[in-house]
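The structure appears right after this line, and notes come after that.
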Ligand SMILES: [Zn+2]
């Protein structure tokens, strides 16, 4: 599960376990879950690796626990969502090839190529899901454009633009938004269609950061 954490990677890493984590309801049975340990993982942004704490939430009735990821990461990816999103946006949008985008982002060429390929493979689902979310959030309908990758990009942009009109979302940026509403699975291998999150009450507003 991903929550729309408004903190920067550095601020989140520095706060450690003192981040004000939201206590979410179980996605299976809607019962409030309880915090249940957690683990440390790495995040890379701007060439810098930070270790962050990821809490786990557990549902008693279901006996299932869920990791609670901040929206600046994607599940199973070392690099920050914004880094991945910028590379995808440049390449899928036709601004440049993978190699210059990877160099600008400071990531290996093969890593960036993997993101772009996965985004391309998932583009029809991403496009459909985010276009539907854009409409559900009161935005305009996104018309399919030149190719599925550009349609997917346009749909993410339209859904974020619609969300940015709601309290709290504008500051997150499109790629943290995309991570939050896709449950961190924007470019994951398994497609679970998590995009229509409004109806399932997973579209929560960002929570203000804890004052210093
Ligand atoms: Zn449950």
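Test of understanding: what is the full-extension gain from residue 150 to residue 18, defined as 0.36 nm times their sequence separation minus their Cα-Cα distance?
That pair, residue 150 and residue 18, stretches by 43.5 nm at full extension.
With both partners inside the chain, how many of the DSSP beta bridges are antiparallel, as a percent to the nearest 5? Kindly include the intermediate steps, with their values, before the conclusion.
Numbers: 16 of 19 bridges.
Restricted to the chain, the bridges split so that about 85 percent are antiparallel.
Please list 85-97, 172-184, 56-68 highest first by mean number of surrounding beta-carbon atoms within 10 Å per residue.
Put in order of decreasing packing, that is 172-184, 85-97, 56-68.
Could you quote the convex hull projected area for region 105-188, Cα atoms only and averaged over all directions, in nm²?
One quarter of the hull surface, i.e. the mean projection, equals 5.7 nm².
Based on the mean of other beta carbon atoms within 10 Å per residue, what is the order of 152-163, 27-38, most packed first?
Averaged packing, sorted descending, gives the order 152-163, 27-38.
What angle do you read, to the nearest 10 degrees and between 0 and 90, between the alpha-carbon axis of helix 148-163 and the longest principal axis of the chain?
Taking the Cα atoms of the chain, the angle to 148-163 is about 50 degrees.
So what's the gap between the Cα centers of region 89-150 and region 151-179, to the nearest angstrom?
So the separation of the two Cα centres works out to 13 Å.
If you average 1/r across every pair of different Cα atoms in region 1-82 and take the reciprocal, what Kirkwood value do you get, in Å? Let's see the in-between values first.
Numbers: mean 1/r = 0.0761 Å⁻¹.
It works out to 13.1 Å.
Between helix 109-136 and the chain, what is the angle of the helix's C-alpha long axis to the longest principal axis, kept within 0 to 90° and rounded to the nearest 10?
Value to nearest ten degrees: 80.
Across region 27-145, how large is the tail of the calculated P(r) beyond 25 Å, expressed as a percent of all Cα pairs?
Result: 43 percent of Cα pairs exceed 25 Å.
For every helix of n ≥ 4 consecutive DSSP H residues, a contribution of -39,500 (n - 2.57) applies; sum these over the chain, divide by its total residues, and give [θ] at 222 nm rounded to the nearest 500 deg cm²/dmol.
Calculated at 222 nm, the ellipticity per residue is -12000 deg cm²/dmol.
Along the three principal axes, how long is region 1-44 when you take its alpha carbons, biggest first, rounded to the nearest angstrom?
34, 21, 19
On a 0 to 90° scale, report how tilted helix 81-92 is relative to the longest principal axis of the chain, with both axes built from alpha carbons and the result rounded to the nearest 10.
For 81-92 against the chain, the angle is about 20 degrees.
For the chain, list log₁₀ I(q)/I(0) at each q in 0.13, 0.15 Å⁻¹, using the Debye formula over Cα point scatterers of equal strength and ignoring solvent, two decimals each.
Taking Cα atoms of the chain as identical point scatterers yields -0.72, -0.96.
Given Cα pairs under 8 Å that are at least 6 residues apart, what percent is the relative contact order of the chain?
Rounded, it is 22 percent for the chain.
No value in this document is a laboratory result; all are computed from the given coordinates. Nothing here was measured: the structure is a model prediction, and the numbers come from that model. Here the Cβ is made from the backbone with ideal geometry for all residues, glycine too, and neighbour counts use every protein chain on show.
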